[in-house]
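All remarks here apply to the structure that follows.
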Amino acid sequence: MNWTTKKQQAFQRDFLNWYQQNQRDLPWRHFHDPYHIWLSEIMLQQTQVHTVIPYYQRFLKAFPTIADLAATDEATLFKAWEGLGYYSRARNLQRAAQQICTDYQGVWPQTATELEKLAGIGPYTAAAIASIAFDAPEPAVDGNAYRVFARLLQIKADVAQPKTRGIFAAAIRPLLPTTGAGDFNQATMDLGATICTPKDPACLLCPVQQYCQAYQTGTQLDYPVKTKKPKPKPVHLAALVIGDPQQWLMQQRPGQGLLANLWTYPLVSAADLQSDENDKLPADWSALLTQYVAQTYQLDLNITPVKGRAVTHTFTHLKWTIDLYQAKLPAKTDLAFFPGQLVAAADYDQLAVPTVQKKLQQRFLKDSK
DNA sequence: TACGCGTGGAT
DNA sequence: TATCCAAGCGT
């Protein structure tokens, strides 16, 4: 940082004045206690404000206090998080609630270092809570901070690399006010979300334009420097809709990994159907699936394709293409070898299901008519 | 360190 | 349609 003290103070003043006049009215800004701040920060990880707001409202209604959250059962917890994604956040949220209630006797630690010991709280979230709820002078370095300060100071470090966080934290720290770092951090987020946007920044409206090195050189769009990630890997699956309109088979996914503990129709991958991945599967998997459920689940079913196009669903790292298949489930079928449950239509809404399951169900309802 | 981990909006 | 990206964390 080669700015003079005078320039730093002027920047701080202009930046914070802009925030006072232009800050967004967001639900969690009506509170200053750590529970509300923490909940919002966890939900906002890699998730847009617009998406979070209804979840935040519903979640607080279901769990008004951290003690309520610590004491709830996992099914209730996941139902409240259903559709928000990155489901380990929900599990870590409850784990941290239990840590606060038991290890800390309900009293929040106030330093970033201590906060980072809680489940699901990393360097960004620790700094955000410490500064917003406890007025600690910590820089909250998130995607907005990367973009805003990379442009402002022409920092060329690759923000995709973990070690870059420290470079930005060190650059921002001298700019923080002694008190009110929480406002400074939130000003950074608001500026990044509304003015200093990735694709088409509104530099002419920027309150700190005169300090921005990228603006002065017309290089806004060159920042932040970020190496791009690989494309999602394609995976081909079959979804088995087994049952009738009143009830059907559902499976809970394993406790670790993708969509952990959420419920879906039984999903069978190409890899499940054959040991040699070099063999090419037929377009119609019906015969293979019938054989598979006979061997694996001890179920004697007549599996047929559901007419209509496949469902596609893209995750950060995977692209699923899912063909739908269906079969009637004969009365009094022995389900001892099926690792799941026969779920009545009336109970279906009790299960926490991922968005891809909602797509599958919709497609089945439409195409099976 | 690199990768696994969801979803929906914007372009 | 394809791609990027949004208040990241855990391992």
Cβ-Cβ distance below 8 Å, separation of 6 or more or different chains: which pairs start in region A:237-251 with a residue that is free of Cβ contacts under 8 Å to residues at least 24 places away in the same chain and end on one that is among the aromatic types (Phe, Trp, Tyr)? none
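Under the condition of being basic (Lys, Arg) and either at pLDDT 95 or above or part of a helix (DSSP H, G or I) (or both), which residue from region A:326-358 is farthest from A:Thr296 (Cα to Cα)? Spell out how you get there, then give the answer.
From region A:326-358, those basic (Lys, Arg) are A:328, A:332, A:358; that's our starting set.
With the extra rule that they be either at pLDDT 95 or above or part of a helix (DSSP H, G or I) (or both), the set shrinks to A:328, A:358.
Numbers: A:Lys328: 17, A:Lys358: 26 Å.
Among residues in region A:326-358 that are basic (Lys, Arg) and either at pLDDT 95 or above or part of a helix (DSSP H, G or I) (or both), the one farthest from A:Thr296 (Cα to Cα) is A:Lys358.
To keep it simple, each residue is scored yes or no on (1) more than 27 Å from A:Gln21 (Cβ to Cβ); (2) away from DNA strand C (no atom under 15 Å from the Cβ); (3) in contact with a Cys (Cβ under 7 Å, 6 or more places away or on another chain).
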position: A:Pro177; (1), (2), (3): no, yes, no
position: A:Asp190; (1), (2), (3): no, no, no
position: A:Thr194; (1), (2), (3): no, no, no
position: A:Lys199; (1), (2), (3): no, no, no
position: A:Val208; (1), (2), (3): no, yes, no
position: A:Tyr223; (1), (2), (3): no, no, no
position: A:Lys231; (1), (2), (3): yes, no, no
position: A:Trp248; (1), (2), (3): yes, yes, no
position: A:Leu262; (1), (2), (3): yes, yes, no
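Here is a yes/no grid of residues against (1) out of contact with any helix residue (DSSP H, G or I) (no Cβ under 8 Å at 6 or more places or on another chain); (2) without any contact (Cβ under 8 Å) to a residue 24 or more places away in the chain; (3) within 13 Å of DNA strand B (Cβ to nearest atom):
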residue	(1), (2), (3)
A:Pro34	no, no, no
A:Ile37	no, no, no
A:Met43	no, no, yes
A:Leu60	no, no, no
A:Asp68	no, yes, no
Qualifying position, being in contact (Cβ under 8 Å) with a residue 60 or more places away in the chain and within 16 Å of DNA strand B (Cβ to nearest atom), among A:Thr219, A:Thr194: A:Thr194
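When you go through A:Ala287, A:Ala344 one by one, which is the residue that is more than 16 Å from DNA strand C (Cβ to nearest atom), under 22 Å from A:Lys79 (Cα atoms) and in the same structural domain as A:Tyr265 (by TED's automatic domain parsing)? Before the answer, list the steps.
Values: A:Ala287 fails: under 22 Å from A:Lys79 (Cα atoms).
Checking each option against the conditions leaves just A:Ala344.
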Suppose we filter A:Gln48, A:Gln105, A:Gln8 for residues that are over 17 Å from A:Gln186 (Cβ atoms), of a type in the set (S, T, N, Q) and either surrounded by 15 or more Cβ atoms within 10 Å (Cβ to Cβ) or under 19 Å from the mean Cα position of the chain (by Cα) (or both); which single one remains? A:Gln8
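Does region A:3-13 hold any residues that are hydroxyl-bearing (Ser, Thr, Tyr) and either touching a residue at least 24 places away in the same chain (Cβ under 8 Å) or part of a helix (DSSP H, G or I) (or both), and which are they?
To start, the set of residues in region A:3-13 that are hydroxyl-bearing (Ser, Thr, Tyr) comprises A:4-5.
A:Thr5, the sole residue that qualifies.
The values are calculated or read from the model by the stated rules, or taken from the named source; none is laboratory data. Quick caveat: nothing in here was measured; it's all calculated off a predicted structure. Virtual Cβ from ideal backbone geometry, glycine too; neighbours counted across all protein chains shown.
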